[in-house]
Amino acid sequence: MATAYGHANGTNGVNGANSSSFPPARYSKVPPTILVAVAEAEGPYDIEISLDEDIQEDPTELCTLLENERSAKNTWMTVAIAYAKHKKVDVAIEVLSKTLNVFSRGSSQDRLSILNGLCWLYLLKCREAPRVKPDGKTEEEAKTKDFYVQAATSVLNEASRISPSYPPLYLARGVLYLLRASGMPPPMIAGPSHITPERMETLKQAAKCFEDALRSSHGKNLMAKMGKARVNYSMAKYADALKLYQNVLESSPELKDPDPRIGIGCCFWQLGHKDEAASAWRRALELNPKSKIALVLLGIYNFHLTARLPPSNPKFVDLSKKAMSDYIVPSFKFDNMYPLTCATLGGFLLVRKDLEKVETLSKRAIDLTDVNDIASDGWYQLARKEHLEDNTAKAVESYTKADRARGGDDRGYIPAKFGSAQMRVLMQDYDGAKFRLEKILQQQPALEAQILLGTLYAEDVFAAQAANSKEDKSAELKKALKYLEDVTKAWKDPKKNLSPDQSVLLNLARLYEADDHPEKSLKCLEEVEKMELDAIPEEDYPEDIEDEALLKAALRELLPPQLLNNMGCFHYQHERYVQARELFQTALNACVKAATRDESIDTDALVTSISYNLGRTYESEGMLTEAKDVYEGLLKRHTDYIDARIRLAYIKLRQHPTDEGPKAVVKLYEQNPDNIEVRTLYGWYISKSKKKTLNFNDDQEQRHHKHTLQKVTGQKHDMYALTSMGNIHLTIAREMRRDTEQEKEKRHKAYEKAVEFFDKVLQLDPKSAYAAQGIAIALVEDKKDFSSALQILSKVKDTLKDYSVFMNLGHTYCEIKQYARAIESYDTALAKEGRANDQTILACLGRVWLLRGKQEKSLSAMKSALEYSRRALEVSPEQIHFKFNVAFVQIQIAQLIYTLPESQRTVAEVTAAAEGLDQAIESFSAIAKAPNPPFPKQDIEARANMGRNTMRKQLERAQQAQQKYENENHSKLEQARKLREAEQAKREEERRKAEEAVAERKRKILEEQKRLQERDKEYMERRQEEERRRQELIDDSEVRKSERRKRGSGKRKKKSDMDDSDTDALDSDAEARPRRRRHTTASGTDGVSDEERPRQKKRKLERKKKEPAGKYKSADVIVDSDEEAEGAGDGDLPPDSPAANTPGSNEDGDGDGDEQVAAPRARKGARVVSDEDEDEDAGNEDGEAAVPAQRNGDVAMDDDEDEDE
């Protein structure tokens, strides 16, 4: 582009302001009038015929006159071209057709000229003809592009029969092939080529025709060059086309119609250089302000710039206005039938919903264009127009045509394919829509297609959830997540500059919830919240709030309450009750403000749901009074709100478990016996208060749930009732005797019955954690299948946050003697909300610590077991079995203490064990006297007697032995302690010294680095100072050299034998010779005056070879070779001496031959000039010993240096 837009061919590509430009403007040679000589009796006279705007509409009379007067062929041609100039191409064709008839017997040259003109008129008419037959017209009336292509082909064939080598026919035939190629359909099959073999062959024929035209014109036919460039462009060889267009512009910078700058810009556009393309089009518009093509292309460029910006950006509006007002509208005013302008303007009007004009412009673009892509745009705009008007059938048809115009199937037009998929969605053909969207994504990862396809799969999942369908939708769930997650990843790409879509995030939140990823759901909702907060205008911000947290809380009240409610629910599920409560309270305030802003909004349902959620949060936080107030408030507004009544009954049951609570639950059940939620609460109450029995039919809870499953309408698959039935069977089976084989078989069948209920629940809900946990319990208790049970429970704990899961995990780990994991599971259960003093968990922890202590013979573990057992007893002191547990652990500690060696126990521990033994003996005695002891009375009394008689004496002996051991080893223990402390102190000192050594090494390294940096800085400053002084000396040398030149010039004139006339002659010859920069000597200064001579590059390196005698150089300063040559100037030959121009003459004129000037060898590549060569060049300049300029086309060094500079 440097050549195309540089100044090599004139000012900005235009050779001055010469009015006679080449090539001439189109129709510029058509005169305003012509004279036709008419023969009369009185003598011939001339008739003036107007060819300007007053030209006759009907050419019959004019043609008759020309025929009668036997006018020349040129006159006929001029009249035809005049009609074409005034856009009356049909009349021009009629005139030339009559001309052909008149000259049917004329010379072959005349007929060829006429046929060539007629062919071009047919080609011109083809541009204006419609692609398809208009509605309401017959085949004879409708002359399409194919008709004129066939007519042009017929004319060319006729001309070829006369003379196939007639040069003007080559260009016409090439253009005809181009038109044929443009009308051919694009390839339908995916592949690397975007051109069908038939179209490629046609383009090759066109290229051959243009090559023939160039050959016949000796490469001077500009239109053939343009045609060849167009062929390369059509073949997608954009780089080759660009070179050809630039070559045309170099040879004819005034060419504006057609303008090669348009082609240059199009090539740049296809190569991805959009800004360079716009620069080319702007230059075209500067040269021709009425260029409709340049205007519309610049409009498209500005619309392209808007594609990178969101609509909210102010630049988006400015660029859109600029595109329309400055480019598209003016282009449309110049030619309202130009297809590209019509398509571009139609696209803009489509956004403005001006559908009537859109239809007109789209049909015009479709009918008049010979480019498939523009026709595709027209069909697409028509489809969008029908889409907006809900004309489904027409929209589908137009979308299909738009797609096929660009190839269809595996290629085609992505927006049209997407529109067709949208229409399938509107027609509720979801499978067809999915198929088309997946085909689009195989072709190109279009963001809109991913969003729509992901949404369709998400709707399948949501519909199945709403219908409680048993159909497996896991595949649809995965696909929906994949496509929508890909969309969110695309948002994060800064190059794409995309804005997040709230609908995508909300769908993702629902999908993550269905896929058991509530944290991801919450994250999506938080992103939506951030988008909503950013969208709040500043005028709605509350005043006088500077704290960021308070400001956010205030702004949240302006958000949709549904969003806040959903976020609160997710926080509640993760037991973050404080955040949940704040969000629910904010949501209630948001409901109030929403109703204030828009009274038509019904917020009652929202307020009811959010208030209920707030009450549940209060319950979970233990704020029962606040929860009751919320539920009672709900009942005041909605007396039939049964969920609030259920929660109030439950709160009463928790606060008053013996009197008011049961009464409230029973009353609620009696009032609503068919409400499934009430029945569930009542069943739960029965399970906690019923009398245990081993007879299944006598169980009160099972009768209640059986009635629910059999009698209540529509509840035969109630999962809570089924799960409870399984739990009842589990409980009964666990308590059954298993002494005989018959009893074991009966117990096994009870477990199988429980599993049947749990399996039924899993069939209804494969993700039921309670049913899965029930199966795991049955596996452990019935089949001792601990491995399978652990796998199930490990998955259940990720879903079910209830303490019971961890309790069962603890039991299972305990059974397989993994006591550490069992303790971890029990601790997790104990840490759950409201379970810190759960007596059952505390008792289990006491038991597992006891088992671990016995296994590891660990006294600390035994102490932990005693601690947890005592805590359980403190919680329920009336429970006699907890008292037994404490006493049993104390007995076990006493036994362990007695068996431990003296080195692993202390006197204090033995004493404490003896005290615990006494307490255990007392406890066993009391437990044995209780009415319902946990074990047989005789066994308990026997254990107490063993403690009194045997163990007490053993501990007394152990205490005495331990005391003696510690007295004897006191000094050794003290010495060992001191040695241990000394060893620790020594290791600490070594560690400290090592750290100090490392710190010292780091300090030295930093000091060395700092010293090196300072030294480098000083060195660089010294170098800069030397460089500055050297430059000053060189500048002084330059000044002295210029002064010597002036003095030397006068001296040489005096020494010269030439007289004044000779000198004047030489001067005049020098002035007369043109100054050419490309043909110079190696120094590039031959024939150039001192003022015009470019400054030589200065070499700052020392010469490698020793200077010859007679030269003087300073020992400190390197003087340029120009100055050396100046010093030897007195011995130089005069400029006109033959010896001065001899290549072998000495540079300094001293005859020593050390340094000679050699003529540069001719070569095409860049020259490499050594130090000595450049010094010799300098000698040529000052010593006037110039080498003859080379005329072989080599690039002079001066040109290269100018480019570098």
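The values are calculated or read from the model by the stated rules, or taken from the named source; none is laboratory data. Predicted model only: the values in this text are computed from it and were never measured. A quick note on method: Cβ atoms are made from the backbone with ideal geometry, for glycine too, and the neighbour counts reach across all protein chains shown. Calculation scope for accessible area: heavy atoms of the full protein, side chains included, ligands and nucleic acids excluded. Shrake-Rupley method; radii C 1.70, N 1.55, O 1.52, S 1.80 Å.
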**OP:** Evaluate the stretch 926-938: report whether one residue or more is open to solvent by 70 Å² or more (accessible area, probe 1.4 Å), outside any helix (DSSP H, G or I) and among the hydrophobic types (A, V, I, L, M, F, W, C).
**Re:** yes
**OP:** Would you point out which residue out of LYS363, LYS322, LYS353, LYS333 is free of Cβ contacts under 8 Å to residues at least 60 places away in the same chain and within 23 Å of ASP275 (Cα to Cα)?
**Re:** LYS322
**OP:** Scan the stretch 891-935 for residues that are modelled with pLDDT under 85 and either touching a His at 6+ places or on another chain (Cβ under 6 Å) or hydroxyl-bearing (Ser, Thr, Tyr) (or both) and jot them down.
**Re:** SER903
Original post:
Which number in (1) in contact (Cβ under 8 Å) with a residue 24 or more places away in the chain; (2) farther than 26 Å from TYR685 by Cβ marks the one condition that SER788 misses?
Top reply: (1)
Subject >> THR713, sole failed condition from (1) open to solvent by less than 80 Å² (accessible area, probe 1.4 Å); (2) among the hydroxyl-bearing types (Ser, Thr, Tyr); (3) at pLDDT below 90; (4) under 30 Å from ALA467 (Cα atoms) >> reply: (1)
**OP:** Could you please find all residues in the stretch 92-136 being open to solvent by 20 Å² or more (accessible area, probe 1.4 Å), hydrophobic (A, V, I, L, M, F, W, C) and touching an Asp or Glu at 6+ places or on another chain (Cβ under 8 Å)?
**Re:** VAL102, PHE103, VAL132
**OP:** Would you mind telling me which numbered condition in (1) hydrophobic (A, V, I, L, M, F, W, C); (2) under 30 Å from LYS964 (Cβ atoms); (3) open to solvent by 50 Å² or more (accessible area, probe 1.4 Å) VAL875 fails?
**Re:** (2)
Subject >> Subset tally (residues that are out of contact with any helix residue (DSSP H, G or I) (no Cβ under 6 Å at 6 or more places or on another chain) and within 30 Å of THR799 (Cα to Cα)) for the stretch 530-562 >> reply: 3
Original post:
Quick check: anything in the stretch 980-1003 open to solvent by less than 80 Å² (accessible area, probe 1.4 Å), assigned to a helix (DSSP H, G or I) and within 30 Å of GLN963 (Cβ to Cβ)?
Top reply: yes
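Matching residues to (1) under 24 Å from the mean Cα position of the chain (by Cα); (2) among the small types (Gly, Ala, Ser); (3) loosely packed, with under 14 Cβ neighbours inside 10 Å:
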site	(1), (2), (3)
LYS495	yes, no, yes
PRO500	yes, no, no
LEU506	yes, no, no
TYR512	yes, no, no
LYS520	yes, no, no
LYS523	yes, no, no
GLU527	yes, no, no
LYS530	yes, no, yes
GLU538	no, no, yes
Original post:
Of all residues in the stretch 576-610 being among the acidic types (Asp, Glu) and open to solvent by 80 Å² or more (accessible area, probe 1.4 Å), which is farthest from VAL630 (Cα to Cα)?
Top reply: GLU599
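For the stretch 349-458, give me every one of the helices (runs of 4 or more DSSP H) that falls completely inside it and has 2 or more residues that are out of contact with any strand residue (DSSP E or B) (no Cβ under 9 Å at 6 or more places or on another chain) and open to solvent by 60 Å² or more (accessible area, probe 1.4 Å).
355-368, 372-388, 392-405, 430-443
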Original post:
Scanning for something closer than 30 Å to LEU764 by Cβ and part of a loop (DSSP other than H, G, I, E, B), does the stretch 497-510 turn up at least one residue?
Top reply: no
**OP:** Would you tally the residues in the stretch 804-832 being surrounded by 21 or more Cβ atoms within 10 Å (Cβ to Cβ) and more than 17 Å from GLY846 (Cβ to Cβ)?
**Re:** 4
